[in-house]
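Shown next, in structure tokens, is the structure this report addresses.
The values are calculated or read from the model by the stated rules, or taken from the named source; none is laboratory data. Treat the numbers as computed from the prediction; the structure is a model and nothing was measured. Positions of Cβ are backbone-derived with ideal geometry, glycine not excepted, and every protein chain shown enters the neighbour counts. Keep in mind that these areas ignore ligands, DNA and RNA; they rest on the heavy atoms of the full protein, side chains included. Shrake-Rupley method; radii C 1.70, N 1.55, O 1.52, S 1.80 Å.
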Amino acid sequence: MNRITDRLGKQEKVLSIYFTAGYPNLDDTIKIIEALEQSGVDMVEIGLPFSDPLADGPTIQHSSTIALENGMHTDLLFSQLKDIRKKISIPLILMGYFNPVLQYGVERFCKKCKEVGIDGLILPDLPLNEYQEHCADIFKKYGLINVFLITPQTSDTRIRQIDESSKGFIYMVSSASTTGKTSGFGPEQRGYFTRVSSMDLTNPLIVGFGISNAETYAMATEHTKGAIIGSAFIKMLNSEGISGILNFVNSIKR
Amino acid sequence: MSYHVNEQGYYGEFGGAFIPEMLYPNVEELRQNYLKITSEASFREEFSSLLRDYVGRPTPLYFAERLSEKYKTKIYLKREDLCHTGAHKVNNTIGQILLAKRLGKNRIIAETGAGQHGVATATVCALMGLECVVYMGEVDIARQAPNVARMKMLGATVIPALSGSRTLKDATNEAIRDWINNPTNTHYIIGSVVGPHPYPDMVARFQSVISKEISEQLNEKEGCHSPDYVVACVGGGSNAAGAFYHFLDDENVGLIAVEAAGKGIDTGESAATSVLGKAGIIHGSKTLLMQSPDGQITEPYSISAGLDYPGVGPLHAHLYTSGRGEFISITDDDAMQAGLELSELEGIIPAIETSHALAIFKDRPFDLKDIVVVNLSGRGDKDLDTYIEYFNL
């Protein structure tokens, strides 16, 4: 079994946190993951920084720029994560853009992921057809779950296709936006959450984009399995540092 | 071998649509409709009458006698600099705005480097009464001030791109982010043969009027339908794609793509993608791309804002790797001299982008009998400040 599907099989809702590896400091990766697990976070998305993150707003763009300036790169991240499974048991997902993976070599990248204990990947600019044609077999070989995104504009037919190709969960982008853009959910988002959750999909839904506090977390998870927080967490890291993680997580999960 | 796009949106191994799911509905809508709409009689009629009456097509194919004499070959200049707005870019923006209207879009966004595409987009938006937002790198805003003013006069909002190198690549990132945030009412007019499928093919088709006219005009002047060589500068590669288009499958026509070497290929300040790049993904397309070993996109450099791009359209990546195209890189200095030379010999001040294409004659010999068509993609008015500073005029 994969740690992601194990965790999703449990009753409780899932709080997942995204952070950019190498930010604020190059060697914060392990400290942040440890603090997140100790604070009761259910799943972690480790961002592999990219020079041109198209789907991200200013907060994650900035953290990626700083992380790259700090010297973060693919091999360094894998070496930082080398012993992560001696300490950490929650599911870990790598999130990044496809070009760094392509340059590393898709198979070599997946093999490394398996070695260090990564459970899944989110690559927003790797579309469904390219994944199926060029990557699906490799991901399967190394036991990695690929996570696809859907948005309020995704048609029901395509949501069903994505559901069929997914083995873990579907990343439900809350609104048409880049990350960190929206705050709060209106009737349009709530309608979208109910509409998709009533489609009786095989995979659970986890909502991302626009979740920043207890209120939005509760709203997002009312009809879905869980929610992902990224930009709001990075802003908190920026002001409070790693010691602020426990309070932040408590404030969301209260 | 085919040099045209296949059903999956690929030119050989290059192309595709590597886009986040947020853009899928928009790009898919275009993919399903672009061939259908652009082949409708009413579209073709409106497109060609605007190209004729508004843009001023056909543009002349001018025999450059003094330049030919100097370089001992027969040089023709395809005068895209005489298009309304001063460059070939408007061929594409006319096509795309007609398409956008038929798709029911009421807001247009664009990226721009030198500002030529921004001006061409702002122009057609004014013509059609549509809202226009242009993203432009902060560095380019400073070095292309006249074009910024033109866009503003035409009613466009110019938003500075403040990330990365603050040039064309970053302006494109910002335009894509805008599209993600405005998925239903907005059409993104990409200015070059880059981006996810179907953009490279769509833009090449709109620009292909250039090579169609070259062929017809050569027939009048020389009694032949094709030249021995077509020469064009390549940033993303739209003027080159248009100038090459009807000759792609005719192996007797040499296709010469001229890239910006900047301060020199090995100086770290260059934009010569075919030499310095390897296959990767930029702006939704798999293509040749300047990047670190780790897959981070590197900052290009060229004195010319329009060539200052770390990638190249997937068609050109395919022309390069298949050997169909001959790729030459030209430094800032050689380009500037060639711009001055054309001004002095022919009375035409070219855009600095175009000057790169003109600079190949110094070191690339042609036969006396060769017919060489250089696509004179733009005029130099926007570059006067750079010329003034460089030559202490």
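Collect the residues in region A:172-224 that are touching a Leu at 6+ places or on another chain (Cβ under 7 Å) and of a type in the set (V, I, T), keeping them in residue-number order.
A:V173, A:V196, A:T224, listed by residue number.
Select from region B:311-360 the residues that are open to solvent by less than 40 Å² (accessible area, probe 1.4 Å) and among the acidic types (D, E) and write down the one among them that is nearest to the chain's Cα centre (by Cα).
B:E353
Among the residues of region B:250-273, write down those that are open to solvent by 10 Å² or more (accessible area, probe 1.4 Å) and closer than 17 Å to B:I297 by Cβ.
Answer for region B:250-273, where residues must be open to solvent by 10 Å² or more (accessible area, probe 1.4 Å) and closer than 17 Å to B:I297 by Cβ: B:G268, B:E269.
Of A:L15, A:L81, which residue is away from every other protein chain (no Cβ under 12 Å), buried (at least 17 other Cβ atoms within 10 Å of the Cβ), within 24 Å of A:K253 (Cβ to Cβ) and modelled with pLDDT of 95 or more? Steps first, answer last, please.
Working: A:L81 fails: within 24 Å of A:K253 (Cβ to Cβ).
Step by step, each of A:L15, A:L81 is checked, and only A:L15 is away from every other protein chain (no Cβ under 12 Å), buried (at least 17 other Cβ atoms within 10 Å of the Cβ), within 24 Å of A:K253 (Cβ to Cβ) and modelled with pLDDT of 95 or more.
Open to solvent by less than 40 Å² (accessible area, probe 1.4 Å), among the β-branched types (V, I, T), free of Cβ contacts under 8 Å to residues at least 60 places away in the same chain and away from chain A (no Cβ under 14 Å): does that describe B:V5?
The answer is no for B:V5.
Within region B:101-150, which residues are open to solvent by 10 Å² or more (accessible area, probe 1.4 Å), of a type in the set (G, A, S) and at pLDDT 95 or above?
Once the filter is applied, which keeps residues that are open to solvent by 10 Å² or more (accessible area, probe 1.4 Å), of a type in the set (G, A, S) and at pLDDT 95 or above, region B:101-150 yields B:G104, B:A126, B:G129, B:A149.
Filter region A:189-203 down to residues that are under 22 Å from the mean Cα position of the chain (by Cα) and part of a loop (DSSP other than H, G, I, E, B) and give me whichever is farthest from A:A220 (Cα to Cα).
A:T202
Does any residue in region A:150-162 that is more than 7 Å from chain B (Cβ to nearest Cβ) and touching a residue at least 40 places away in the same chain (Cβ under 8 Å) come within less than 6 Å, Cβ to Cβ, of a residue that is part of a helix (DSSP H, G or I) and buried (at least 20 other Cβ atoms within 10 Å of the Cβ) six or more places away or on a different chain, and which pairs are these?
Close Cβ pairs (under 6 Å, with a partner that is part of a helix (DSSP H, G or I) and buried (at least 20 other Cβ atoms within 10 Å of the Cβ)) amount to A:P152/A:Y192.
Here are some conditions: (1) open to solvent by 20 Å² or more (accessible area, probe 1.4 Å); (2) more than 9 Å from chain B (Cβ to nearest Cβ). A:Q61 meets all but one. Which one does it not meet?
Answer for A:Q61: the failing condition is (2).
Hey, B:E46 hits all of (1) crowded, with 18+ Cβ neighbours inside 10 Å; (2) assigned to a helix (DSSP H, G or I); (3) in contact (Cβ under 8 Å) with a residue 24 or more places away in the chain but one; which does it fall short on?
(1) is the only condition that B:E46 fails.
From B:D201, B:D170, grab the single residue that is buried (at least 20 other Cβ atoms within 10 Å of the Cβ), within 10 Å of chain A (Cβ to nearest Cβ), outside any loop (DSSP other than H, G, I, E, B) and acidic (D, E). Quick ask: steps written out before the conclusion?
Details: B:D201 fails: within 10 Å of chain A (Cβ to nearest Cβ).
Checking each option against the conditions leaves just B:D170.
What helices (runs of 4 or more DSSP H) completely inside region B:321-393 contain at least 3 residues that are more than 15 Å from B:A257 (Cα to Cα)? Walk me through how you get there before you give the answer.
Values: elements: B:332-346, B:352-358, B:384-391.
Qualifying helices (runs of 4 or more DSSP H): B:332-346, B:384-391.
Considering only residues that are hydroxyl-bearing (S, T, Y), closer than 15 Å to A:V196 by Cβ and under 20 Å from the mean Cα position of the chain (by Cα), which ones fall in region A:129-172?
Initially, region A:129-172 is screened for residues hydroxyl-bearing (S, T, Y), giving A:131, A:142, A:151, A:154-155, A:157, A:165-166, A:171.
If we keep only those that are closer than 15 Å to A:V196 by Cβ as well, we get A:151, A:154-155, A:157, A:166, A:171.
Selection gives A:T151, A:T154, A:S166, A:Y171.
Based on this model, can you work out whether B:I303 counts as assigned to a loop (DSSP other than H, G, I, E, B) and in contact with an Asp or Glu (Cβ under 9 Å, 6 or more places away or on another chain)?
Spelling it out, B:I303 is indeed assigned to a loop (DSSP other than H, G, I, E, B) and in contact with an Asp or Glu (Cβ under 9 Å, 6 or more places away or on another chain).
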